[in-house]
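Read the structure below first, then the notes.
The values are calculated or read from the model by the stated rules, or taken from the named source; none is laboratory data. Just so we're clear, the structure is a prediction, and the values are computed from it rather than from any experiment. In this analysis, Cβ positions are derived from the backbone assuming ideal geometry, glycine residues included, and neighbour counts consider all displayed protein chains.
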Amino acid sequence: MILLFGCKQPEDTDLTYGGSAAYSSGNLPTKWTKSFPLNLKISNDFDANETEAINLAADNWEESTENKINFFTTSNENLNPRTGLSSYNDGLYGVYKLYDWPAELPSTALAVTQINGTQYSSYIRIDQADILLNYDYYTFATDGGWGYDLTTVVLHEMGHFLGLYHDNSSKEDSVMYPTIGRYNDNQFPKENDITKISSKYNVDISRGIASVPTQKEAGQAVKITLEMYPDKEIMKVNGHEYEITHDE
Ligand SMILES: [Zn+2]
């Protein structure tokens, strides 16, 4: 699946993927079932201010749960750009600063969160996630300067990384609102986001992650890609692409 910035969410359209299974936007919950914290690698290509901006986004997701869940530990790593989107599915969760945007992705995408998961009847288990930032075509700011606010963009992408879909209500109610402007500064999860993330991971009742029932059924591999664009939204599930027209 690809979800994009600067765009409207699909209007409750039922989509299909993998040939048969019905995919209804956002209806099948997507979540991690392995223990938090996840070890998130931040590319050494980011400078100190950018790294701080990314860490702030991670901290703010945790703070939104009143620090009941420590979602991430972060560390810097030499993350070389990969050849081919499938090569990111390597067991390493990364935030990549890409000056050479993958040819498989449209140049107009601001950022992409790619998730590889396993689909069960009631949810999609996230097995791998990576955030790719398009420094090839866009400018990101950490100082309120010209460009897309890096913390705002990464906060939104981390929402996808943690399993959230877009929220169409408003920018005031959700950082998962599918649009962002150059000077939007939305650095802390909003009420809708806090409700959803808390519910997804049973924040109230556990030390952290929800206890997810062991699945007896066989899972089905699913690849989800979330792309954000300034002006449209594209959703990709297992390679099937769906463009959602901006209706504003
Ligand atoms: Zn998005």
Worksheet item: Somewhere in the range 122-136, is a residue at negative phi, within 16 Å of the ligand (Cβ to nearest atom) and assigned to a loop (DSSP other than H, G, I, E, B)?
Response: no
Worksheet item: Of the residues that make up the range 41-51, is at least one in contact with a strand residue (DSSP E or B) (Cβ under 6 Å, 6 or more places away or on another chain), surrounded by 17 or more Cβ atoms within 10 Å (Cβ to Cβ) and of a type in the set (Val, Ile, Thr)?
Response: yes
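Quick test for you: out of Val112, Val175, Val153, pick the one residue that is within 11 Å of the ligand (Cβ to nearest atom), buried (at least 24 other Cβ atoms within 10 Å of the Cβ), in a loop (DSSP other than H, G, I, E, B) and of a type in the set (Val, Ile, Thr).
Val175
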Discussion item. Just checking, does the range 139-149 include any residue being more than 14 Å from the ligand (Cβ to nearest atom), farther than 26 Å from Ala103 by Cα and buried (at least 18 other Cβ atoms within 10 Å of the Cβ)?
Written reply: yes
Worksheet entry | Checking Asp167 against (1) farther than 18 Å from Asn67 by Cα; (2) acidic (Asp, Glu); (3) away from the ligand (no atom under 12 Å from the Cβ), the condition it does not meet | (3)
Practice prompt. Could you check Ile197 against (1) surrounded by fewer than 18 Cβ atoms within 10 Å (Cβ to Cβ); (2) modelled with pLDDT of 75 or more and say which number it fails?
Written response: (1)
